[in-house]
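Single-structure report; data block below.
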Amino acid sequence: MTTGLRRLQLDHARLYDHIRTAHLERAHRLPPATIVYGSKRYDFDERLAVGLDLVHAGAAAAAALIARSRIAVLEINEPFNIAANTRTALVLGALGARTIFTRKKPLVVTYAIENMSPFGSGAQLRLSTRIRRRVERILVRFIWRRVDRVAYGTGAARALYRDLLPASARREESLVPALPEPCSCAAAARRSHDVVFLGALSDRKGFPQLLRAWPLVRERDPEVRLVILGKGKLEGLAREAARSDASIEVLIDPPREEIHRRLRASQVLTLPSQRTSTWR
(Lines give C-alpha, C1' and ligand atoms only; values in the text may rest on other atoms or scores of the structure.)
Protein backbone atom coordinates (compact mmCIF):
# COMPACT_ATOMS: atom_id res chain seq x y z
CA MET A 1 0.00 0.00 0.00
CA THR A 2 1.55 3.26 -1.11
CA THR A 3 0.96 7.00 -1.05
CA GLY A 4 2.73 10.00 -2.50
CA LEU A 5 3.75 8.30 -5.79
CA ARG A 6 4.75 10.47 -8.73
CA ARG A 7 3.55 7.92 -11.30
CA LEU A 8 1.70 4.61 -11.30
CA GLN A 9 3.79 1.61 -12.27
CA LEU A 10 1.00 -0.39 -13.97
CA ASP A 11 -0.90 0.61 -17.11
CA HIS A 12 -4.25 -0.60 -15.68
CA ALA A 13 -5.90 1.30 -12.84
CA ARG A 14 -9.14 1.03 -10.88
CA LEU A 15 -10.53 4.23 -9.38
CA TYR A 16 -12.68 3.73 -6.28
CA ASP A 17 -14.23 6.35 -4.05
CA HIS A 18 -14.48 3.75 -1.25
CA ILE A 19 -12.72 0.39 -1.14
CA ARG A 20 -14.01 -2.70 0.63
CA THR A 21 -13.18 -6.35 1.10
CA ALA A 22 -15.12 -7.47 -1.98
CA HIS A 23 -12.89 -5.25 -4.15
CA LEU A 24 -9.79 -6.82 -2.63
CA GLU A 25 -11.06 -10.36 -3.18
CA ARG A 26 -11.77 -9.61 -6.84
CA ALA A 27 -8.42 -7.89 -7.31
CA HIS A 28 -6.57 -11.09 -6.42
CA ARG A 29 -8.41 -12.91 -9.23
CA LEU A 30 -8.48 -10.17 -11.88
CA PRO A 31 -5.56 -9.02 -14.05
CA PRO A 32 -3.04 -6.86 -12.11
CA ALA A 33 -4.09 -3.24 -11.68
CA THR A 34 -3.31 -0.36 -9.37
CA ILE A 35 -6.26 0.52 -7.13
CA VAL A 36 -6.50 4.25 -6.40
CA TYR A 37 -9.01 4.86 -3.60
CA GLY A 38 -10.30 7.68 -1.44
CA SER A 39 -11.27 5.86 1.76
CA LYS A 40 -11.82 2.41 3.28
CA ARG A 41 -15.26 0.99 4.00
CA TYR A 42 -16.16 -0.56 7.33
CA ASP A 43 -15.50 -4.10 6.07
CA PHE A 44 -11.98 -3.50 4.70
CA ASP A 45 -9.83 -6.54 5.50
CA GLU A 46 -6.17 -5.53 5.83
CA ARG A 47 -5.00 -9.13 5.33
CA LEU A 48 -6.46 -9.20 1.83
CA ALA A 49 -4.62 -6.00 0.93
CA VAL A 50 -1.29 -7.83 1.08
CA GLY A 51 0.19 -8.29 -2.39
CA LEU A 52 -2.03 -5.68 -4.06
CA ASP A 53 -0.94 -2.33 -5.47
CA LEU A 54 -3.09 0.11 -3.48
CA VAL A 55 -2.70 3.89 -3.57
CA HIS A 56 -4.59 6.17 -1.19
CA ALA A 57 -5.21 9.58 -2.76
CA GLY A 58 -7.69 12.42 -2.50
CA ALA A 59 -9.63 13.59 -5.54
CA ALA A 60 -7.13 16.18 -6.79
CA ALA A 61 -4.14 13.96 -6.00
CA ALA A 62 -5.74 11.01 -7.81
CA ALA A 63 -6.36 13.16 -10.89
CA ALA A 64 -2.77 14.40 -10.98
CA LEU A 65 -1.34 10.95 -10.33
CA ILE A 66 -3.35 9.14 -13.01
CA ALA A 67 -2.81 11.92 -15.56
CA ARG A 68 0.97 11.63 -15.09
CA SER A 69 0.92 7.86 -15.52
CA ARG A 70 0.86 5.75 -18.65
CA ILE A 71 -2.64 4.44 -18.14
CA ALA A 72 -4.06 2.25 -20.91
CA VAL A 73 -7.21 1.10 -19.08
CA LEU A 74 -9.09 2.94 -16.33
CA GLU A 75 -11.98 1.38 -14.42
CA ILE A 76 -14.24 3.92 -12.72
CA ASN A 77 -17.22 3.94 -10.37
CA GLU A 78 -20.48 3.86 -12.27
CA PRO A 79 -21.79 7.31 -13.31
CA PHE A 80 -24.91 7.00 -11.15
CA ASN A 81 -22.71 6.69 -8.06
CA ILE A 82 -23.28 10.38 -7.35
CA ALA A 83 -21.03 10.53 -4.27
CA ALA A 84 -18.01 9.47 -6.34
CA ASN A 85 -18.59 11.69 -9.34
CA THR A 86 -16.57 14.74 -8.34
CA ARG A 87 -13.53 12.51 -7.96
CA THR A 88 -14.26 10.63 -11.19
CA ALA A 89 -14.87 13.82 -13.20
CA LEU A 90 -11.61 15.36 -12.00
CA VAL A 91 -9.66 12.29 -13.07
CA LEU A 92 -11.37 12.06 -16.47
CA GLY A 93 -10.89 15.78 -17.02
CA ALA A 94 -7.18 15.48 -16.28
CA LEU A 95 -6.88 12.51 -18.62
CA GLY A 96 -8.68 14.46 -21.33
CA ALA A 97 -6.24 17.33 -21.00
CA ARG A 98 -3.33 14.88 -21.23
CA THR A 99 -4.78 13.31 -24.36
CA ILE A 100 -4.55 16.65 -26.17
CA PHE A 101 -0.76 16.39 -25.98
CA THR A 102 -0.18 12.62 -26.11
CA ARG A 103 -2.98 11.65 -28.55
CA LYS A 104 -3.33 8.46 -26.49
CA LYS A 105 -6.73 8.06 -24.86
CA PRO A 106 -7.08 5.40 -22.17
CA LEU A 107 -9.94 2.92 -22.40
CA VAL A 108 -12.52 3.95 -19.76
CA VAL A 109 -14.73 1.15 -18.47
CA THR A 110 -17.34 0.84 -15.73
CA TYR A 111 -19.60 -1.72 -14.05
CA ALA A 112 -23.14 -0.45 -13.47
CA ILE A 113 -25.72 -1.89 -11.07
CA GLU A 114 -27.76 1.15 -9.97
CA ASN A 115 -31.47 0.45 -10.42
CA MET A 116 -33.02 3.69 -9.09
CA SER A 117 -32.74 7.18 -10.49
CA PRO A 118 -30.33 9.24 -8.35
CA PHE A 119 -32.09 12.45 -9.30
CA GLY A 120 -35.54 11.84 -7.84
CA SER A 121 -38.40 14.23 -8.45
CA GLY A 122 -37.80 17.93 -9.02
CA ALA A 123 -41.16 18.94 -7.60
CA GLN A 124 -41.32 21.16 -4.52
CA LEU A 125 -37.57 21.10 -3.88
CA ARG A 126 -35.61 23.95 -2.37
CA LEU A 127 -33.60 26.09 -4.75
CA SER A 128 -30.31 24.80 -3.31
CA THR A 129 -31.40 21.20 -3.89
CA ARG A 130 -32.46 21.92 -7.48
CA ILE A 131 -29.10 23.56 -8.15
CA ARG A 132 -27.25 20.59 -6.65
CA ARG A 133 -29.29 18.17 -8.76
CA ARG A 134 -28.45 20.20 -11.85
CA VAL A 135 -24.74 19.97 -11.10
CA GLU A 136 -25.08 16.24 -10.45
CA ARG A 137 -26.72 15.74 -13.85
CA ILE A 138 -23.95 17.67 -15.57
CA LEU A 139 -21.28 15.51 -13.91
CA VAL A 140 -23.11 12.29 -14.76
CA ARG A 141 -23.35 13.24 -18.44
CA PHE A 142 -19.74 14.42 -18.50
CA ILE A 143 -18.59 11.04 -17.17
CA TRP A 144 -20.99 9.02 -19.33
CA ARG A 145 -19.72 10.61 -22.55
CA ARG A 146 -16.21 9.39 -21.69
CA VAL A 147 -17.14 5.77 -20.93
CA ASP A 148 -16.00 3.41 -23.70
CA ARG A 149 -17.32 0.16 -22.24
CA VAL A 150 -19.99 -0.60 -19.66
CA ALA A 151 -20.95 -3.94 -18.14
CA TYR A 152 -24.40 -3.93 -16.54
CA GLY A 153 -24.90 -6.17 -13.53
CA THR A 154 -28.69 -6.35 -13.92
CA GLY A 155 -31.29 -5.77 -16.59
CA ALA A 156 -32.87 -3.09 -14.37
CA ALA A 157 -29.59 -1.14 -14.35
CA ARG A 158 -29.33 -1.32 -18.13
CA ALA A 159 -32.91 -0.08 -18.49
CA LEU A 160 -32.28 2.83 -16.11
CA TYR A 161 -29.14 4.02 -17.91
CA ARG A 162 -30.79 3.72 -21.32
CA ASP A 163 -33.81 5.64 -20.08
CA LEU A 164 -31.93 8.55 -18.48
CA LEU A 165 -28.75 8.93 -20.53
CA PRO A 166 -28.02 9.31 -24.26
CA ALA A 167 -26.93 6.31 -26.30
CA SER A 168 -23.65 6.21 -28.19
CA ALA A 169 -22.76 4.02 -31.14
CA ARG A 170 -19.11 3.86 -30.08
CA ARG A 171 -19.82 2.67 -26.52
CA GLU A 172 -19.70 -1.10 -26.03
CA GLU A 173 -22.34 -2.47 -23.66
CA SER A 174 -22.79 -5.92 -22.13
CA LEU A 175 -25.14 -7.43 -19.58
CA VAL A 176 -23.21 -9.65 -17.16
CA PRO A 177 -25.43 -10.65 -14.22
CA ALA A 178 -23.61 -11.37 -10.98
CA LEU A 179 -23.79 -15.13 -10.47
CA PRO A 180 -23.11 -17.21 -7.33
CA GLU A 181 -19.58 -18.57 -7.24
CA PRO A 182 -19.07 -22.31 -6.73
CA CYS A 183 -17.78 -23.32 -3.33
CA SER A 184 -14.90 -25.79 -3.20
CA CYS A 185 -15.19 -26.50 0.53
CA ALA A 186 -16.07 -29.91 1.84
CA ALA A 187 -19.75 -30.45 2.47
CA ALA A 188 -20.91 -29.23 5.87
CA ALA A 189 -23.86 -30.36 7.94
CA ARG A 190 -26.52 -27.66 7.99
CA ARG A 191 -28.30 -26.64 11.16
CA SER A 192 -31.91 -26.59 10.07
CA HIS A 193 -32.95 -24.06 12.73
CA ASP A 194 -30.15 -21.51 12.15
CA VAL A 195 -30.98 -18.11 10.64
CA VAL A 196 -28.08 -15.81 9.70
CA PHE A 197 -28.09 -12.04 9.33
CA LEU A 198 -25.00 -10.79 7.52
CA GLY A 199 -24.19 -7.13 6.90
CA ALA A 200 -23.93 -3.67 8.40
CA LEU A 201 -25.83 -3.29 11.66
CA SER A 202 -27.84 -0.30 10.44
CA ASP A 203 -31.34 0.96 9.77
CA ARG A 204 -30.85 0.69 6.00
CA LYS A 205 -30.11 -3.02 6.29
CA GLY A 206 -33.34 -3.55 8.21
CA PHE A 207 -31.63 -4.66 11.41
CA PRO A 208 -34.18 -3.10 13.82
CA GLN A 209 -37.03 -4.72 11.86
CA LEU A 210 -35.31 -8.09 12.16
CA LEU A 211 -35.03 -7.81 15.95
CA ARG A 212 -38.67 -6.76 16.23
CA ALA A 213 -39.75 -9.74 14.13
CA TRP A 214 -37.60 -12.28 15.95
CA PRO A 215 -40.01 -12.99 18.87
CA LEU A 216 -42.71 -13.81 16.30
CA VAL A 217 -40.38 -16.25 14.59
CA ARG A 218 -39.60 -17.95 17.89
CA GLU A 219 -43.31 -18.35 18.59
CA ARG A 220 -43.53 -20.43 15.41
CA ASP A 221 -40.33 -22.40 16.08
CA PRO A 222 -38.95 -22.39 19.66
CA GLU A 223 -35.76 -24.13 18.49
CA VAL A 224 -34.77 -21.46 15.98
CA ARG A 225 -31.48 -19.56 16.49
CA LEU A 226 -30.40 -16.18 15.08
CA VAL A 227 -26.72 -15.64 14.26
CA ILE A 228 -25.83 -11.97 13.69
CA LEU A 229 -22.64 -11.35 11.69
CA GLY A 230 -21.49 -7.78 11.04
CA LYS A 231 -20.70 -4.44 12.58
CA GLY A 232 -22.02 -0.90 12.54
CA LYS A 233 -23.67 1.82 14.57
CA LEU A 234 -26.29 -0.57 16.01
CA GLU A 235 -23.76 -2.93 17.60
CA GLY A 236 -25.06 -1.98 21.05
CA LEU A 237 -28.58 -2.98 20.04
CA ALA A 238 -27.28 -6.33 18.79
CA ARG A 239 -25.40 -7.06 22.02
CA GLU A 240 -28.40 -6.09 24.14
CA ALA A 241 -30.62 -8.44 22.11
CA ALA A 242 -28.17 -11.31 22.68
CA ARG A 243 -28.04 -10.61 26.42
CA SER A 244 -31.81 -10.71 26.74
CA ASP A 245 -32.48 -13.65 24.38
CA ALA A 246 -30.47 -16.88 24.53
CA SER A 247 -31.52 -17.76 20.97
CA ILE A 248 -29.46 -14.86 19.55
CA GLU A 249 -25.71 -15.03 18.96
CA VAL A 250 -23.68 -11.98 17.91
CA LEU A 251 -20.28 -11.97 16.19
CA ILE A 252 -18.98 -8.45 15.62
CA ASP A 253 -16.80 -8.08 12.50
CA PRO A 254 -15.88 -11.79 12.21
CA PRO A 255 -13.13 -12.88 9.76
CA ARG A 256 -14.20 -14.02 6.30
CA GLU A 257 -13.43 -17.65 7.12
CA GLU A 258 -15.89 -17.57 10.03
CA ILE A 259 -18.53 -15.87 7.89
CA HIS A 260 -18.14 -18.57 5.27
CA ARG A 261 -18.36 -21.33 7.87
CA ARG A 262 -21.53 -19.89 9.40
CA LEU A 263 -23.21 -19.42 6.03
CA ARG A 264 -22.48 -22.99 5.01
CA ALA A 265 -23.86 -24.34 8.27
CA SER A 266 -27.07 -22.29 8.27
CA GLN A 267 -30.36 -22.99 6.57
CA VAL A 268 -31.69 -19.45 6.11
CA LEU A 269 -30.06 -16.10 5.29
CA THR A 270 -32.11 -12.98 6.07
CA LEU A 271 -31.37 -9.63 4.40
CA PRO A 272 -34.33 -7.31 5.15
CA SER A 273 -32.89 -4.17 3.52
CA GLN A 274 -35.13 -1.11 3.57
CA ARG A 275 -35.76 1.20 0.64
CA THR A 276 -34.84 4.86 1.12
CA SER A 277 -35.42 7.97 -1.01
CA THR A 278 -32.12 7.35 -2.85
CA TRP A 279 -31.58 3.57 -2.64
CA ARG A 280 -33.45 0.32 -3.17
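The values are calculated or read from the model by the stated rules, or taken from the named source; none is laboratory data. As the structure is a computational prediction, the values presented were derived from the model and not from experiment. All Cβ positions, glycine included, derive from the backbone under ideal geometry; neighbour counts span all protein chains shown. Side chains included, ligands, DNA and RNA excluded: accessible areas come from the protein's heavy atoms. Shrake-Rupley method; radii C 1.70, N 1.55, O 1.52, S 1.80 Å.
Observations
- Mean projected area (nm²) of the alpha-carbon convex hull when the range 168-210 is viewed from all directions: 6.9 nm²
- Residues LEU30, LEU10 ordered from highest to lowest accessible area at a 1.4 Å probe: LEU30, LEU10.
- Taking the chain as the region of interest, the number of lysine pairs whose Cα atoms are within less than 18 Å, with members eight or more places apart or on different chains, is 4.
- In Å², nearest 10: area of THR110 left accessible to a 1.4 Å probe: 10 Å²
- With a cut-off of 18 Å on the backbone N, the residues of the range 206-245 near the modelled label site 7 Å out from GLU258 along Cα-Cβ are 226-243.
- Taking a Cβ cut-off of under 10 Å around GLY38, the surrounding Lys, Arg, Asp and Glu residues balance to a net charge of +1, with basic ones at +1 and acidic ones at -1.
- Estimated FRET transfer efficiency (HIS18, LEU52; beta-carbon r; R0 22 Å; 0.05): 0.90
- Rg in Å to one decimal, and Dmax rounded to a whole Å, for the range 187-280 via C-alpha atoms: 13.1, 42
- Here the calculated FRET efficiency for SER244 and GLU173, from their Cβ-Cβ distance with R0 = 41 Å, stands at 0.20, rounded to the nearest 0.05.
- Order by protection proxy (mean Cβ within 10 Å, highest first), peptides 89-101, 196-208, 167-179: 196-208, 89-101, 167-179
- Taken one residue at a time, the phi angles of the range 168-177 give Karplus couplings (6.51, -1.76, 1.60, θ = phi - 60°) of 9, 5, 7, 7, 8, 10, 9, 9, 10, x Hz. Gly and Pro are set to x.
- Packing rank of 210-220, 150-160, 50-60, where each peptide gets the mean count of other beta carbons within 10 Å, highest leading: 150-160, 50-60, 210-220
- A Cβ-based charge dipole, computed about the Cα centre of the range 36-112 with Lys and Arg at +1 and Asp and Glu at -1, lands at about 480 debye.
- Test item: Cα-centred dipole of the chain, Lys/Arg +1 and Asp/Glu -1 on Cβ, debye: 1320 debye
- Taking ILE19, ILE259 and ordering them by how much accessible surface each has at a 1.4 Å probe, largest first, produces ILE259, ILE19.
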